[in-house]
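What follows draws every value from the coordinates through simple rules; no lab data is involved. Everything numeric here is computed off the predicted structure, so don't read it as measured data. Neighbour counts are summed over all protein chains in view; Cβ atoms, including those assigned to glycine, are modelled from backbone coordinates with ideal geometry.
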Amino acid sequence: MVTARIIAVAANRLLAHGTHSRKACIQCLAGICRNLLVVLALGGPISDAIAQIDRPQTPATPYLIAIDPGHGGSDAGASGARSAALEKNLVLDLALQLGKVLQTEGNITVAFIRNSDVTLDLVRRTEIANYSQGTLLISLHAGASNNLNSHGARVFMIADKRQQDTASFAAPLNQLRTPLSASPVPRLPTLRLIPWERAHELYDAPSAALASALQSSLNMLYGTQYDICSEPLFLLKGAQMPAVLVEVGYLTHIEDDERLQKAEFQQELVNALKNGILDYLANSRRINPK
Ligand SMILES: [Zn+2]
């Protein structure tokens, strides 16, 4: 089963590798060869990073939330307008807090894409999320904006840049579409040769529902009335689950920077994220009770 999933990831990479630069493509193929060798030798995981995942072999809880603290290691992300805070540290802290409160719900397990200060590229992050077989993926950022007035939390889902072209493959994709269920195990056949950049299309509707639930909850916290945003974000493209990216606030905004440093506000923020996730899970259960 694990081997089949790894080969599926490799196949997806092969199908997607036409969009890479030559250097990236060589790295990609080298990665595939390494992964397959690991599979053949050990029947084990696709990469060292994935091997670090605490992935339940037999799910103990109905939901598995994959949490991706953005940046990390040599990529510090944004820095505070006034504080010395680095985005990579702040979002790791928030992710660990969020994981803790989610797991107190009793029916949720958490998989962290990173739980320490390590450098991870975007492909690896999505690979790890997919390997975790999560119910959903939430990526946390506390970004920078050229507009120093940008503040509050914004929730992003993947944009479909090729919306005009999708008619030709919409029907086959619809056949593969399966309803969001309470189960954290894959809702799709193990071997799905869908190009990496199209994987998200199976989950656009639940991703929008998840983004809306989170944005509503965060609007209440910040007193904003933002709608969800759609962007062609690479991290979300290959996610084989509902996936969103959350800017929990803007470190480049003086007031956001100040409040994001406070333990009390961090707790409120984590609770707002938790409530958004729980609202989404409750709604998806109502729509797909099985
Ligand atoms: Zn960021």
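As an equivalent ellipsoid, segment 211-290 spans semi-axes of 25, 17, 11 angstrom, where each value is the square root of five times an eigenvalue of the C-alpha gyration tensor, largest first.
Phi angles of segment 222-232 translate, via the Karplus equation with coefficients 6.51, -1.76, 1.60 and θ = phi - 60°, into HN-Hα couplings of 8, x, 9, 10, 6, 8, 6, 10, 10, 9, x Hz per residue; Gly and Pro are given as x.
Amide H contacts for Ala239 (H built 1.01 Å from N in the peptide plane; partners 5 or more residues away or on another chain; cut-off under 5 Å): His200. Residues Met220, Met157, ranked from the fewest to the most other C-beta atoms within 10 Å, line up as Met220, Met157.
Computed 3J(HN,Hα) for segment 72-84, one whole-Hz value per residue from the Karplus formula 6.51 cos²θ - 1.76 cosθ + 1.60 where θ = phi - 60°, is x, x, 6, 9, 7, x, 7, 10, x, 5, 10, 7, 8, glycine and proline marked x.
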